[in-house]
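A short worksheet on the structure shown next.
The values are calculated or read from the model by the stated rules, or taken from the named source; none is laboratory data. All figures in this text were calculated on a predicted structure; none of them were measured in a lab. As a convention, Cβ positions derive from the backbone with ideal geometry for all residues, glycine included, and neighbour counts pool all protein chains shown.
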Ligand code: NAP
């Protein structure tokens, strides 16, 4: 599997498995199936309420810890953010049954972002989180965080798919040493992605499915991707994307699908900021 070297030298797989919206009771089986299918990068979050199940699957898999790359995410913390971030990290680690994380992401650019980031920097320095990064940071927030802190986020996990491609933002992040990671690589099927004629036509030329074309397009752009599926046959399909290459013409025709806008929600929408900022997890 192709890998990417993050800004602190940590090596990260370019394709993994996401578990958002998998109910806790189904997650252990789904992750076990994903590990059996060959996935070694797992992406969860405290807010997904399934870290324990991810940990259970890791434990029963027999896969060596050093062969896995595990990401989880910090939810918005009440003050004092530094103390609460440390506690949230320990809770996640315990639920996952691990003694360190490969990547710890700040899930949302809200709350006391600086207090949260300082605590994450400390976890990184202590070796408890091998890399730290952010998610859902728009350019203004990301540059501000970089400009006013010591550690540059290794990763920014953002909505990225054929209808919201983020090419300019990827360039900006690259200039600052931040690796782009896609969430919602299939746009969760919105906009009839899986029957899109451009993607289907390209798939036909390679004998590949629309899902495989999308994942190949992302990884060929150097975008880390974490498709979610609860079905073993799709898990196998989604990891089988390294035996073909899209031509420049095919990349250019996929570029025409970009709308430049989110299909989910805008993290700069005041109502959404207010709603997300008030949400608290109970553990
Ligand atoms: P996604 O990967 O874009 O799409 C998942 C959907 O596609 C599911 O409905 C799945 O159905 C279907 N699917 C998967 N493989 C398929 C295939 N080969 N053919 C047809 N349909 C297929 O959505 P996502 O889960 O939102 O995003 C991926 C991961 O990104 C998440 O799991 C999570 O880890 C992360 N994420 C992060 C954030 C953030 O704020 N940082 C936000 C959202 C997501 P089945 O399961 O029925 O196969």
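A count restricted to region 222-242 and to residues that are within 16 Å of the ligand (Cβ to nearest atom) and part of a loop (DSSP other than H, G, I, E, B) stands at 10.
Could you run through region 89-110 and say how many residues are surrounded by 20 or more Cβ atoms within 10 Å (Cβ to Cβ) and not in a strand (DSSP E or B)? Talk me through it step by step, then tell me what you get.
Restricting attention to region 89-110, the residues satisfying the condition of being surrounded by 20 or more Cβ atoms within 10 Å (Cβ to Cβ) are 89, 92-93, 95-96, 98, 101-110.
Checking the rest, the ones that are also not in a strand (DSSP E or B) come to 89, 92-93, 95-96, 98, 107-110.
Matching residues across region 89-110 total 10.
Taken over region 20-60, the criterion of being in contact with a helix residue (DSSP H, G or I) (Cβ under 6 Å, 6 or more places away or on another chain), more than 13 Å from the ligand (Cβ to nearest atom) and assigned to a helix (DSSP H, G or I) is satisfied by 24, 28, 32, 35, 52, 53, 55, 56, 57.
With respect to the conditions (1) under 17 Å from residue 11 (Cα atoms); (2) within 16 Å of the ligand (Cβ to nearest atom), residue 138 lacks only one, and its number is (1).
Sort through 185, 177, 189, 203 and tell me the only one that's part of a loop (DSSP other than H, G, I, E, B) and either surrounded by fewer than 24 Cβ atoms within 10 Å (Cβ to Cβ) or modelled with pLDDT under 95 (or both). Being part of a loop (DSSP other than H, G, I, E, B) and either surrounded by fewer than 24 Cβ atoms within 10 Å (Cβ to Cβ) or modelled with pLDDT under 95 (or both) holds for just one of 185, 177, 189, 203, which is 177.
Within 16 Å of the ligand (Cβ to nearest atom) and in contact with a strand residue (DSSP E or B) (Cβ under 7 Å, 6 or more places away or on another chain): is that true of residue 263 in this structure? Step through it out loud before you land on a result.
Working: within 16 Å of the ligand (Cβ to nearest atom): yes; in contact with a strand residue (DSSP E or B) (Cβ under 7 Å, 6 or more places away or on another chain): yes.
In short, yes.
Could you tell me whether any residue of region 7-19 is away from the ligand (no atom under 14 Å from the Cβ) and assigned to a helix (DSSP H, G or I)? For region 7-19, residues away from the ligand (no atom under 14 Å from the Cβ) and assigned to a helix (DSSP H, G or I): absent.
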